Structure formats: C-alpha cells, structure tokens
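The values are calculated or read from the model by the stated rules, or taken from the named source; none is laboratory data. Since this is a predicted model, take the numbers as computed values, not measurements. Here the Cβ positions follow ideal geometry from the backbone for every residue, glycine too, while neighbour counts run over all protein chains shown. To get the accessible areas, we keep the full protein, side chains included, count just its heavy atoms, and leave off ligands, DNA and RNA. Shrake-Rupley method; radii C 1.70, N 1.55, O 1.52, S 1.80 Å.
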Amino acid sequence: MNGGAILTEADAGAALPPGPSADVMLPAPCKVAQVDKETHDTFTLCLEAKGGDGSPLFAPGQFSMLYAPGVGELPISISGDPGEPGRLVYTIRSVGKATHALVTKSVGDTVGVRGPFGTSWPMTEGRGKDVLIVAGGIGLAPLRPAIYHILRHRGDYRRLTVLYGARSPRDMLYRKQLAAWTYLPDTQILTTVDYGGLSWRGYVGVVTTLFRYTRLQPDRTIAMICGPEIMMRYVVRELESRGLTARDIYLSMERNMKCGVGFCGHCQLGPYFICKDGPVFPWKRMQGWMGKYEL
C-alpha cells in the first residue's frame, strides 16, 4: 500500500472486483465475437465474457489486461456498454506487435483477459448534475462507457455535453454514434479536427476551441476528461477559468503497466500507481504531478 494514495468512492468511482477470472494474475480465455474497423489503424474488439449473475462486468473508466498468446499483454480501456451483460468491448489502435496481434484476431479466436482493474468515472457523484465529457483522439474510448451509462440512466443526469477532438476526420472514432447522439434531448455533441481537408464541413482547431459553443453552469457541472496529457492540462485550465472547482474535474491517466495491481511499479506517478489508484483521478489529486519531467 502506498501511503495517502488510496481513492475513496467520493474521489472516484469504487473499483469493482475482477470479472472474467477470480485470480487477478490469471488471464481468462474469452472468445472474439466481433471485430469492427473504426479508422485506418483502430479497431473495436468485442469479446464474449461470462458475467455470473448478470451483474455489470466493469464500471465505466476501468481497464483490462489483454493477452495475445505468444506475443504479449497490454492494458486496454474498456469501451463498451457496462449495462450490456456478457460482453467486453475494447477499442485498440494498432501501434506494435501486441496491438496488431489483438486487432487481427478473427471471430472465434481467443484472447486472454485479466481484470477489470482500476477506479471508474464518478457516475454516482454526477447524478443530478450537468455532465461535460471532453476527449482527444482515442481518449474517447475510455469515456464511451460513461456516455452509455448516462444515456441508459438518463433521468439521473441533467444536460450531457460531449466535446471531441481528433487529428483529422479519418482519425475520428464512433462517427455514426456521435452523429446519432446529437439528436437526443438535453445532449450536445461537438467535434473538431486539427486538419479538416476540403471535404470537412465541421470545426477546425484544438478541442478547447469548442468551449465557446457550450454553456456551462459551474456550480452544477461535473467534468470528465481523457486524452493526451498536454490536452488535458489545457482543458483543466479552461474549466477552472469558467468556475469549475478541482473537486468537480476528473481525468484518466495513462502510464506503462505490466501487472495491473500495483506490484511491479511500472506505472508509478509520484505517490500513485496509475493501475491501482487510477486510472481515473480527481484533478485535486493530480494538480501537483501532471507535467513533471520523468514522472
């Protein structure tokens, strides 16, 4: 145990016990049910998983350790609907041997799964509030379960705003879903890209430029952020300038992970282990650590 690093349920959602396997260090075999291509290098992998009594297999924001036999194991955020039993969904960008081995699986193939691990988005704390979700690039994947949860329990939340920035239109995730969500009541979906091209008719610029098109009531808003760290720092700065307090801003951190349970130390950031004390943190916990060199 690392002193002072344990999050309470009030800080971030409580972690659930592991689902697919009772032994956190033993990968449970899960069959591939579906593989969808999201972009030129990103795929969504749907796995069949046993849910026991039908209760949720994970909480929004948690991650699993996925094992490609003979290649390696990687931490991947769960990107599916937590209210859908028996399915674990992961959106994976192919950037190396292990990720390539995962995204090239065929239906019926087996993937080893450990977890879920980590803390979750503050869905309980967000009840009765406006929810602002800000994502950059593949950072939308860990936030999608939170969106699913809000839409499934729509009466528990006020206005939902999603701001999403991608490098280019061809790099945008879940484009059809984003378009469909724009028609839902009390929901605002805004997207932007760094480079639009001649055919792009949407906004161009970094994700913080979308704030000018939103209306925030800071006293009743909770924010959830995921993306590159430099992007998250600028988003937090924008939110604070608009009156949000540190206790109402949450973000998901990313570090190299090996064990997933705080033993190996690969993901240590100051006094925290990202795999065990995160990946979701309230901003008040990260203020003094984000951006420090070699941490």
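Looking across the stretch 170-185, just one residue is farther than 20 Å from S79 by Cα and in contact with a helix residue (DSSP H, G or I) (Cβ under 8 Å, 6 or more places away or on another chain), and that is L184.
Rundown of residues vs (1) in contact with a Cys (Cβ under 8 Å, 6 or more places away or on another chain); (2) not hydrophobic (A, V, I, L, M, F, W, C), yes/no style:
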{"position": "I78", "(1), (2)": "no, no"}
{"position": "D81", "(1), (2)": "no, yes"}
{"position": "L88", "(1), (2)": "yes, no"}
{"position": "T91", "(1), (2)": "no, yes"}
{"position": "S94", "(1), (2)": "no, yes"}
{"position": "K97", "(1), (2)": "no, yes"}
{"position": "A101", "(1), (2)": "no, no"}
{"position": "F117", "(1), (2)": "yes, no"}
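Touching a Leu at 6+ places or on another chain (Cβ under 8 Å) and within 27 Å of I150 (Cβ to Cβ), is that true of I225? It is true that I225 is touching a Leu at 6+ places or on another chain (Cβ under 8 Å) and within 27 Å of I150 (Cβ to Cβ). For beta carbons closer than 8 Å, sequence separation of 6+ or different chains, a first residue in the stretch 269-290 that is within 19 Å of G227 (Cβ to Cβ) and in a loop (DSSP other than H, G, I, E, B) and a second that is among the β-branched types (V, I, T) and open to solvent by less than 20 Å² (accessible area, probe 1.4 Å), the qualifying pairs are G278/T119; P279/T119.
Checking V206 against (1) modelled with pLDDT under 90; (2) open to solvent by 40 Å² or more (accessible area, probe 1.4 Å), which test does it fail? So the condition that V206 fails would be (1).
Residue count for the stretch 51-91 satisfying the condition of being small (G, A, S) and over 23 Å from F273 (Cβ atoms): 9. Selection over the stretch 120-136 of residues that are touching a Leu at 6+ places or on another chain (Cβ under 8 Å) and open to solvent by 10 Å² or more (accessible area, probe 1.4 Å) gives a count of 1.
Under the condition of being open to solvent by 30 Å² or more (accessible area, probe 1.4 Å) and of a type outside the set (D, E), the residues counted in the stretch 147-190 number 21.
Checking every residue in the stretch 2-9 against the condition of being more than 25 Å from A223 (Cα to Cα) and either surrounded by fewer than 20 Cβ atoms within 10 Å (Cβ to Cβ) or at pLDDT 75 or above (or both) gives at least one match. Residues in the stretch 61-103 that are open to solvent by 40 Å² or more (accessible area, probe 1.4 Å) and charged (D, E, K, R) were compared, and the one that is farthest from L47 (Cα to Cα) is K97.
A179 fulfils the conditions (1) without any contact (Cβ under 8 Å) to a residue 24 or more places away in the chain; (2) under 18 Å from P60 (Cβ atoms) except for a single criterion, (2).
Looking only at the stretch 234-260, residues that are open to solvent by less than 80 Å² (accessible area, probe 1.4 Å), under 18 Å from the mean Cα position of the chain (by Cα) and at negative phi come to 10 in all. Among residues of the stretch 16-43 that are closer than 18 Å to G80 by Cβ and of a type in the set (D, E), those with a Cβ under 7 angstrom from a residue that is at pLDDT 95 or above and open to solvent by 40 Å² or more (accessible area, probe 1.4 Å), sequence gap 6+ or separate chain, pair up as D36/F43.
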